[in-house]
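*Asks:* Just dropping this structure here.
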Amino acid sequence: MTEEVFLSPKKKGKIAVFISGRGSNFRAIHDSILAGKMNCEIALVFSNKEDAPGLKTAQDRDLETLFLDPKAYSSREDYEKEIIKELRKRDVDLICLAGYMKILGPSLCREFKNAIINIHPALLPSFPGLHVQKKAIDWGVRYSGATVHFVSEDVDMGPIIVQEVVPVIQDDTEETLSDRILKEEHKIYSEAVRLYFNGRLEVRGRRVYIK
Ligand code: GAR
């Protein structure tokens, strides 16, 4: 069987940032765009939570926002059908999950194959899932970090684009470690998006080559 190869596009892309909470990673990406460092624009900030503070930030920054209530749909597939319609309307090229706490279903993953990326506050494949900063402390690891990866149908398992290592300090609490990791998240997420729209990411199987 020949290996499938994906090369990210070299174009001025449109992104949709998906958030469920405060949206500091969204802000960091937007700041990088405003600083002229990125070959893309934000076409939409989307949330599954009406009261996500990041939506207000996006509105204050004159970005288009959309909240869709998952409870208003009879299935995840119907919910995602509506999301896909909204994304296509805006010609979105890439979805950036930034603290989006709802698991994506197969319909969205397939429709946006190689076009969804996520940030995770640990060095995957260690510590997938939730509350991973606390799990890293409790496990006693000396280093944790942050990972930006492509999203596949298996949660937190897609090909890794960028990682940054962060030390775990003896007296760390969940909060202090989360803050230290978050600072690195803000750097590597923009970097991953920048590489994506500069046509620099080549995906072969599990491996992402930076051209
Ligand atoms: C970030 O630490 C992000 O890595 C994490 O949620 C936080 C969102 O912060 N995401 C996950 O845990 C996904 N599994 P933000 O809303 O300030 O960007």
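The values are calculated or read from the model by the stated rules, or taken from the named source; none is laboratory data. Because the structure is a prediction, the values reported are computed rather than measured. Backbone-built Cβ (ideal geometry, glycine too); neighbour counts: all protein chains shown. The protein model used for the area step is the full one, side chains on, heavy atoms only, and it has no ligands, DNA or RNA in it. Shrake-Rupley method; radii C 1.70, N 1.55, O 1.52, S 1.80 Å.
*Asks:* As an exercise, identify the GluC sites (Glu not before Pro) in the stretch 119-211 lying in DSSP coil whose Cβ has no more than 15 other Cβ atoms within 10 Å.
*Replies:* E153
*Asks:* With the Cα gyration tensor of the chain giving a ≥ b ≥ c as the square roots of its eigenvalues, does the rule (a/c under 1.5 for rounded; else a/b larger than b/c for prolate; else oblate) give rounded, prolate or oblate?
*Replies:* Numbers: a/c = 1.38, a/b = 1.20, b/c = 1.15.
Rounded, since a/c falls under 1.5.
*Asks:* With n ≥ 4 as the cut-off for DSSP H runs, can you work out [θ] at 222 nm for the chain, using -39500 (n - 2.57) per run divided by the number of residues, rounded to the nearest 500?
*Replies:* -10500 deg cm²/dmol
*Asks:* If you don't mind, there's one more thing I want to ask. Semi-axes of the equivalent ellipsoid of the stretch 22-132: what are they in whole Å, largest first, if each equals the square root of 5 times a C-alpha gyration tensor eigenvalue?
*Replies:* Semi-axes from the Cα gyration tensor: 21, 19, 15 Å.
*Asks:* With a 1.4 Å probe and every protein chain kept in, tell me what percent of the accessible surface of the chain is carbon plus sulfur.
*Replies:* Of the solvent-accessible surface of the chain, carbon and sulfur hold 50 percent.
*Asks:* Next question, about the same structure. Quick check on the stretch 1-63: take the gyration tensor over C-alpha atoms, sort the square-rooted eigenvalues as a ≥ b ≥ c, and tell me if it's rounded (a/c under 1.5), prolate or oblate.
*Replies:* Oblate shape, in that a/c is at least 1.5 and b/c is the bigger or equal ratio.
*Asks:* Identify which of A122, A136, A35 has the largest mean-square fluctuation in a Gaussian network model of the chain, with springs joining Cα atoms closer than 10 Å.
*Replies:* Greatest mean-square fluctuation among the candidates belongs to A35.
*Asks:* For the stretch 104-151, count all C-alpha to C-alpha pairs, find those more than 12 Å apart, and express that count as a whole percent of the total. Could you put the intermediate results ahead of the total?
*Replies:* Values: 724 of 1128 pairs.
That fraction is 64 percent.
*Asks:* Could you tell me which of the pairs K81/K102; K81/K113; K37/K187; K14/K85; K49/K89 are separated by over 19 angstrom between their Cα atoms in the structure shown?
*Replies:* Cα-Cα > 19 Å for K49/K89; rest within.
*Asks:* Would you mind working out the magnitude of the charge dipole of the chain relative to its Cα centre, with +1 at each Lys and Arg C-beta and -1 at each Asp and Glu C-beta, to the nearest 20 Debye?
*Replies:* Using only the charged Cβ atoms, the result is roughly 680 debye.
*Asks:* Right, here's the next one. If one computes P(r) from the Cα atoms of the stretch 44-89, what percent of pairs lie at distances over 18 Å?
*Replies:* 32 percent
*Asks:* Next question, about the same structure. Efficiency by 1/(1 + (r/R0)^6): what FRET value for D78 and L7, r their Cβ-Cβ distance, R0 = 30 Å, to the nearest 0.05?
*Replies:* Step by step, r from the Cβ atoms, then E = 0.35.
*Asks:* For the stretch 1-150, with the dipole built from +1 on Lys and Arg beta-carbon atoms and -1 on Asp and Glu ones, taken about the Cα centre, which of I15, M38, P70 lies farthest toward the positive end?
*Replies:* M38
*Asks:* Which stretch or stretches of the stretch 32-62 have amide N atoms under 12 Å from the point lying 7 Å from D69's Cα along the Cα→Cβ direction?
*Replies:* So the set is 49-51.
*Asks:* Oh, and also: Net charge within 9 Å of R204 by Cβ-Cβ distance, Lys/Arg positive one each and Asp/Glu negative one each, not counting R204 itself?
*Replies:* Net of charged neighbours comes to -1.
*Asks:* Considering the dipole of the stretch 108-156 built from charges on the beta carbon (Lys and Arg +1, Asp and Glu -1) around the Cα centre, which of I117, F127, S152 is farthest to its positive end?
*Replies:* F127
*Asks:* Considering only the chain, what is the antiparallel percent among its DSSP beta bridges, to the nearest 5?
*Replies:* Looking only at bridges with both residues in the chain, the antiparallel portion is about 55 percent.
*Asks:* What value in Å³ per residue do you get for the convex hull of the alpha-carbon atoms in the stretch 123-205?
*Replies:* Dividing the Cα hull volume of the stretch 123-205 by its residues yields 89 Å³.
*Asks:* Please arrange K10, K187 by accessible surface area, largest first, computed with a 1.4 Å probe and ligands excluded. The partial results should precede the final answer.
*Replies:* Details: K10 165, K187 125 Å².
Largest to smallest exposure gives the sequence K10, K187.
*Asks:* I would also like to ask the following. Measure of size requested: the Rg and Dmax of the stretch 62-125, with Cα atoms as the atom set and Å as the unit; please supply both.
*Replies:* Computed over the Cα atoms of the stretch 62-125, radius of gyration and Dmax are 12.6, 37 Å.
*Asks:* A further question on this structure: In the P(r) worked out for the stretch 30-69, what percent of Cα pairs fall beyond 12 Å? Before the final figure, lay out the partial values.
*Replies:* Details: 452 of 780 pairs.
Tail fraction, whole percent: 58.
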